[in-house]
Every structure is written in C-alpha cells, then in structure tokens.
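Below is one structure; the comments refer to it alone.
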Amino acid sequence: MQKLMGDAVGNFASTIRDLAPILLVIGFFQFAVLRQPIQNLADILIGFVFVLIGLTIFIRGLEMALFPLGEALANAFASKGSLFWLLSFAFGLGFGTTFAEPALIAVSKEAVMVMAEAGVIDAGAASETFYADALRYTVAVSVGSSLIIGVLRILKGWPVQWIIIGGYVIVVVLTAVAPDTIIGIAYDSGGVTTSTITVPLVTALGVGLASVIKGRNPMIDGFGLIAFASLMPIIFVLLFGIVVAA
C-alpha cells in the first residue's frame, strides 16, 4: 500500500511537470500578449485539478494494467505458436480500439457533413449516418490490417523503413487521383487512430512479441506498429473517397 501511494505521488508530480509548459505558454499569451483577465477562473482551476487527477490515474493505470496486459497477451500468443490466432488478435485489437475512438467518431461526422455540402454524397440524415459509419469501419479495418503487417514484420524481420517508404509512395499516388474533399480527411484520419488506449496496447504488443521471439531485438523490432497504424488509414480513406466519388 505504501509503495502504491508513493508511485501515485510520483505520477502526480510527473504530471504537473508535463503540464507546466502548457500553463506557461497559455499564461504568457494571456497576460503578456492579450493582457486580458481570464473568464471563469474558478471553473478553469477546478477543471485543471480534474485534468491533473485524471492524467495521474490514467498513467498509473497504463503502468499497472495495459502495458503488462499487452505484453502478457503477446507472450501467450507467441508461445501458443498459432500464426492465425496471433494475426486475428492483432486485427481485432486494432479494429476494436479504433472503431470506438471518440476522435474518429467526431471526425467521421464532420467529414460526411463536408462531403454532403460539397455534393460528393447525398445530403440527409440517413445518408450521412451511413457514410459516417462506413468511414469509421474503413479506418478501423485499416488499423487492424496495419497491425497484421506490423506483426508479420516482427516475425519475419522485415526492415520497417522500406515498408513505410513504400506506404507513403502509395499515399502520394492516391493523393493525385483522390477527390480534393477527402484528402485532408484522409491525412487527419492517420492521427485520430492513435488514441490513448490503442497506443499503449499496440506498443506493448510489439515489444512483447519482439522480446519473446528468438533473434528479435525489442528496441529495433518492437516499435513501428504505431507508424503503420497512422499510415494505413490514410491509404484506406483515400481509396474510400475514390470509391465514393466514382
């Protein structure tokens, strides 16, 4: 119990240090540049305390649960020796965490509104809901597929740089032929997929696999899955835009 409290205090102090630069920037521009009083200061201070407490608990939760869980699952699947179940788990992990990501839900709704206004899709609640869900499924499938590629890279020892370079070559080619209304959405989709839940689980999966598999270095082979999870949605959403506009 004493160790747990000590770790919690350490995490809280670390969170304060992490947020300090943000507060300094906001304070400088608020008082030195804008020179305006802060509205609802009491509410902002209470909200800041909530942020501190929430981040502290979240970081501690990552250390206690998600990182060990991801590594344990990776070890278990690697020990099981079934490539099918390992790849199925990787796909399911990427798909499930991405489809439920609130940022993706918000971006999808905003994207279909813009597409409807541009005349790319039919306007109306039913049509916009359909295409918003289709966009979410597209991004979720792309992240699941990216983790399959990432796991195969770890197993086979493929160089990560060549896969990334090849992927962005595909992005450049697709960008040239995709509708202008989808290009920005596609590029942003690569960012919203790397959520606070997906990142620690995916990182733990990669490091865990690289630690278990003989001949793999966790530092060299264990990382890179997040890059795939950011790259593949761009490709899939560009293809989504091309199909929708066809």
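The values are calculated or read from the model by the stated rules, or taken from the named source; none is laboratory data. Treat the numbers as computed from the prediction; the structure is a model and nothing was measured. FYI the Cβ positions are ideal-geometry reconstructions off the backbone, even for glycines, and counts take in every protein chain you see. For accessibility, only protein heavy atoms count, side chains too; no ligands or nucleic acids. Shrake-Rupley method; radii C 1.70, N 1.55, O 1.52, S 1.80 Å.
Above 13 angstrom, tally the Cα pairs of the range 62-124 and express them as a % of all pairs, no decimals.
That fraction is 73 percent.
Within the range 130-148, name every residue whose backbone N is under 20 Å away from a label modeled 7 Å from Cα of residue 105 along the Cβ vector.
What the label zone holds, given the 20 Å backbone N cut-off, is 130-144.
Over the chain, with every protein chain in place, what whole percent of the accessible area is carbon and sulfur at 1.4 Å, could you tell me?
Carbon and sulfur: 72 percent of the exposed surface of the chain.
If I take every Cα pair under 8 Å that is 6 or more residues apart in the chain, average their sequence separation and divide by the length, what percent do I get for the relative contact order?
Here the relative contact order equals 25 percent.
If you find the alpha carbon centre of the range 136-162 and of the range 38-60, how far apart are they in angstrom?
Using only Cα atoms, the two centres lie 36 Å from each other.
May I ask you to work out the translational diffusion coefficient for the range 96-143 at 37 °C, viscosity 0.692 mPa s, via Stokes-Einstein with Rh from the Kirkwood sum over Cα pairs, reported in whole µm²/s?
Using the Kirkwood radius from Cα pairs, D works out to 307 µm²/s.
Suppose all protein chains stay in the model; what accessible area per residue would a 1.4 Å probe give for the chain, in Å²?
Here the per-residue accessible area is 55 Å².
Taking a probe of 1.4 angstrom, what is the accessible area of residue 243 in Å², to the nearest 10?
It works out to around 110 Å².
Compute the semi-axes of the equivalent ellipsoid of the chain, taking the square root of 5 times each eigenvalue of the Cα gyration tensor, and list them largest first in whole Å.
Semi-axes from the Cα gyration tensor: 32, 31, 16 Å.
As an exercise, use a Förster radius of 45 Å and the Cβ-Cβ distance of residue 31 and residue 114 to find the FRET efficiency, rounded to the nearest 0.05.
For residue 31 and residue 114, the calculated efficiency is 0.75.
Which value in nm describes the separation of the simple spin-label points at residue 211 and residue 38, placed 7 Å from the Cα toward the beta carbon?
4.0
Which value, to two decimals, describes the C-alpha radius of gyration of the range 152-246 once divided by 2.2 N^0.38 Å?
Rounded to two decimals, the normalised Rg is 1.23.
With a Förster radius of 25 Å, plug the Cβ-Cβ distance of residue 220 and residue 75 into 1/(1 + (r/R0)^6) and report the FRET value to the nearest 0.05.
So the FRET efficiency works out to roughly 0.85.
Using only the heavy atoms of the protein chains and a 1.4 Å probe, how would 80, 214 rank by accessible area, largest first?
Result of the area sort, largest leading: 214, 80.
Please name whichever of 123, 233, 78 sits farthest to the positive end of the charge dipole of the chain, dipole taken about the Cα centre and charges placed at Cβ: Lys and Arg +1, Asp and Glu -1.
About the Cα centre, the residue reaching furthest to the positive side is 78.
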